[in-house]
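Okay, so here's the structure we're looking at.
Coordinate-derived values only; no laboratory data. From a predicted model like this one, the values you see are computed outputs, not experimental measurements. Neighbour counts run over all protein chains shown; Cβ positions are idealised from the backbone, glycine included.
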Amino acid sequence: MDKLISYQLSEGIATIVLDDGKANVMSERMILELGHALDQAEQDNAVVLLTGRTGVFSAGFDLGTLRAGGESALRMLNSGFALAARLAELPLPVIIASNGHALAMGAFLVLAADLRIGVSGDYKLGANEVAIGLPVPYCAVELCRMRLTPACFQRGVLQAEIFNPVDAVQAGFLDRVVEAHALADTARTAARHLAQLDRRSYVETKKRLRHSVLQTLPTALEQDDASFRQILGLS
């Protein structure tokens with residue numbers, strides 16, 4: 001079975017590419033493989049450069065699994081948000097180079113990164129849960145609170161507003177936007193810069209910057225498990 005994720009280490013940079021050939025949905029398998037890739041990056045003590053395929057970083061969870069419900073859906077949801085929480089506190093510099101769309105779980109992963117670079121174009125970024133009849137998970141709310149601007153926090157979470165890449169910078173989903181042809185080089189240059197910083201100081205400062213949200217995430221994950229069980233009829 002072909003892997004959904006590739007891992008390449010060079011110059012102290014671990015480039016992790018998500019590519020399922022479609023929308024890069026966060027299936028159980030994708031989440032598992034991404035977790036293993038982060039394990040390897042930690043062993044390599046590398047800067048993480050996470051990217052997707054042309055036109056899409058990730059469109060969110062696997063809707064087929066969600067519609068089927070049951071324990072598989074619960075495992076996917078819980079493991080997905082545990083992965084986002086892990087990314088937020090990973091003791092390594094983390095860059096996400098978003099190739100296009102980043103929606104729902106895909107957007108939450110973007111929010112968890114240290115540096116977020118997107119591409120210009122007709123792409124969508126945001127949390128659409130309320131629009132499709134789902135409460136935004138507690139963990140997702142905390143990640144949005146950490147990165148979205150005050151003016152866009154309510155709009156992006158409660159009102160399910162979806163942003164184009166330029167507006168996503170103003171909202172806080174992205175840090176910068178470049179042309180698609182420049183994404184790889186821009187992200188690589190940024191990764192080289194982060195690789196040169198003192199790692200111990202970087203990690204300790206990251207903990208201090210995110211102290212409040214990192215304290216809330218374990219409780220948020222527990223609350224989400226209970227909520228997911230209720231929604232899926234498993235409580």
As I understand it, the value is the acute angle between the Cα axis of helix 211-231 and the longest principal axis of the Cα atoms of the chain; what does it come to in degrees, rounded to 10? 40 degrees
Which of Thr65, Thr51, Thr15 fluctuates most in a GNM of the chain (C-alpha springs under 10 Å)? That residue is Thr65
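Neighbour counts of other C-beta atoms within 10 Å: give me Cys152, Cys144, Cys139 arranged from fewest to most. Kindly include the intermediate steps, with their values, before the conclusion.
Numbers: Cys152 21, Cys144 24, Cys139 27.
Neighbour counts put them in this order, fewest first: Cys152, Cys144, Cys139.
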What list of ³J(HN,Hα) values in whole Hz, one per residue of the range 42-50 in order, does the Karplus curve 6.51 cos²θ - 1.76 cosθ + 1.60 (θ = phi - 60°) give from phi, with Gly and Pro shown as x? 5, 4, 7, 6, 10, 5, 8, 10, 9
For the chain, set up a Gaussian network in which alpha carbons nearer than 10 Å are linked by springs, and say which option among Ala97, Ala41, Ala131 fluctuates the most. Ala131
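What length, rounded to one decimal in nm, is gained on full extension from Arg192 through to Asp39, with 0.36 nm per residue of separation minus their alpha-carbon distance? Could you put the intermediate results ahead of the total?
On the way: separation 153, 0.36 × 153 = 55.08 nm, distance 2.04 nm.
So the chain would gain 53.0 nm between Arg192 and Asp39.
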Shape call for the chain, from the Cα gyration tensor axes a ≥ b ≥ c (a/c under 1.5 means rounded, otherwise prolate when a/b beats b/c, else oblate), comes out rounded
Using Cα atoms only, what is the angle between the long axis of helix 199-209 and the major principal axis of the chain, expressed in degrees (0 to 90) to the nearest 10? 40 degrees
Toy charge model, Lys and Arg Cβ at +1, Asp and Glu Cβ at -1: the chain dipole around Cα centroid in debye, rounded to 20, equals 360 debye
What does the net charge come to around Leu4 if you take all other residues with beta carbon closer than 14 Å to its beta carbon, with K and R at +1 and D and E at -1? -2
Using 0.36 nm per residue of separation minus the Cα-Cα distance, give me the extension gain between Ala226 and His211 in nm, one decimal. 3.0 nm
